[in-house]
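Trainee: Before I ask anything, let me first share the structure, which is written out below as structure tokens.
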């Protein structure tokens with residue numbers, strides 16, 4: 001479950017000293033955070049890539065994420081992860097199994113509802129560059145560094161933002177163990193109408209499903 005959420009997901013302590021921030025980078029991040037706080041819901045199509053030189057891995061996946069308040073529905077290849085606010089369901093199409101967990105046990109870094117706001121505090125920022133992406137869209141790139149590195153499994157986050165809209169385009173997380181996870185946003189829509197039924201797991205729709213309750 002954790003690996004599926006880590007790959008999905010797209011990624012997007014009080015600050016000791018915001019004075020260490022690059023003013024231009026801070027303005028970009030602050031704009032994104034201000035917008036994210038105003039989103040009652042959002043939906044994104046994305047691709048993820050996990051690279052590990054140590055383990056000789058290069059895993060690419062396609063996904064869709066729907067978030068409404070503290071609830072989410074994440075589809076990542078053959079896995080569907082649903083948080084209805086009370087239970088976290090992780091369904092595997094391959095094995096027709098669903099695992100139930102307590103959402104409170106989920107780490108902030110892999111929680112889609114905190115995809116963007118988790119970078120608001122506890123990070124220093126540095127402006128990298130402005131450049132056009134493959135589609136010709138002008139983007140702004142910012143590096144984020146944890147102020148307390150010992151509390152994070154990663155050391156750097158590369159955040160790419162649409163310059164015109166201030167919306168996320170990609171997030172790249174560089175981990176201390178050498179792994180690199182990259183999330184590219186293909187389509188993003190904020191404040192969309194999402195039915196409550198999307199955030200429930202209906203066992204009736206999965207005949208013969210095996211339920212593993214880990215709570």
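The values are calculated or read from the model by the stated rules, or taken from the named source; none is laboratory data. What you are looking at is a predicted structure, and each value in this text was computed from that prediction instead of being measured. For neighbour counting, all protein chains shown are included, and Cβ atoms are generated from backbone atoms with ideal geometry for every residue, glycine included.
Trainee: Name the residues in the range 53-101 that are part of a loop (DSSP other than H, G, I, E, B) and under 18 Å from residue 184 (Cβ atoms), would you?
Mentor: To start, the set of residues in the range 53-101 that are part of a loop (DSSP other than H, G, I, E, B) comprises 53-56, 69-70, 77-78, 84-87, 93-96.
Within the range 53-101, just 77 meets the criteria.
Trainee: Of (1) more than 24 Å from residue 151 (Cα to Cα); (2) within 19 Å of the chain's Cα centre (by Cα); (3) surrounded by fewer than 16 Cβ atoms within 10 Å (Cβ to Cβ), residue 137 satisfies all except one. Which?
Mentor: Single failed check for residue 137: (2).
Trainee: Select from the range 199-209 the residues that are at pLDDT below 95 and outside any loop (DSSP other than H, G, I, E, B) and write down the one among them that is farthest from residue 155 (Cα to Cα).
Mentor: Selected residue: 204.
Trainee: Residue 45: assigned to a strand (DSSP E or B), more than 13 Å from the chain's Cα centre (by Cα) and either at pLDDT 90 or above or surrounded by 15 or more Cβ atoms within 10 Å (Cβ to Cβ) (or both), yes or no? Lay out the reasoning, then the answer.
Mentor: Numbers: assigned to a strand (DSSP E or B): yes; more than 13 Å from the chain's Cα centre (by Cα): no; either at pLDDT 90 or above or surrounded by 15 or more Cβ atoms within 10 Å (Cβ to Cβ) (or both): yes.
No: the conditions fail for residue 45.
Trainee: Is it the case, given these coordinates, that residue 150 is assigned to a loop (DSSP other than H, G, I, E, B), loosely packed, with under 15 Cβ neighbours inside 10 Å and either at pLDDT below 95 or in contact with a strand residue (DSSP E or B) (Cβ under 7 Å, 6 or more places away or on another chain) (or both)?
Mentor: Numbers: assigned to a loop (DSSP other than H, G, I, E, B): no; loosely packed, with under 15 Cβ neighbours inside 10 Å: yes; either at pLDDT below 95 or in contact with a strand residue (DSSP E or B) (Cβ under 7 Å, 6 or more places away or on another chain) (or both): yes.
So residue 150 fails the test.
Trainee: Kindly check whether there is at least one residue in the range 178-198 that is more than 20 Å from residue 66 (Cα to Cα) and assigned to a loop (DSSP other than H, G, I, E, B).
Mentor: The answer is yes; a qualifying residue exists.
Trainee: So, one more: Condition first: in contact with a strand residue (DSSP E or B) (Cβ under 8 Å, 6 or more places away or on another chain) and modelled with pLDDT of 50 or more. Now tell me which residues in the range 6-30 satisfy that.
Mentor: Those that are in contact with a strand residue (DSSP E or B) (Cβ under 8 Å, 6 or more places away or on another chain) and modelled with pLDDT of 50 or more: 20, 21, 22, 24, 25, 26, 28, 29.
Trainee: Let me ask another. Restricting to the range 167-212, give me the number of residues that are in contact with a helix residue (DSSP H, G or I) (Cβ under 8 Å, 6 or more places away or on another chain), buried (at least 17 other Cβ atoms within 10 Å of the Cβ) and under 22 Å from residue 39 (Cα atoms).
Mentor: Final tally of qualifying residues: 2.
Trainee: Okay, moving on. So which residues in the range 67-81 are touching a strand residue (DSSP E or B) at 6+ places or on another chain (Cβ under 7 Å) and either more than 17 Å from residue 212 (Cβ to Cβ) or surrounded by 21 or more Cβ atoms within 10 Å (Cβ to Cβ) (or both), if there are any at all?
Mentor: 67, 68, 71, 72, 73, 74, 75, 76, 77, 81
Trainee: So residue 118 ticks every box in (1) in a strand (DSSP E or B); (2) within 13 Å of the chain's Cα centre (by Cα) but one. Which box is left unticked?
Mentor: Single failed check for residue 118: (1).
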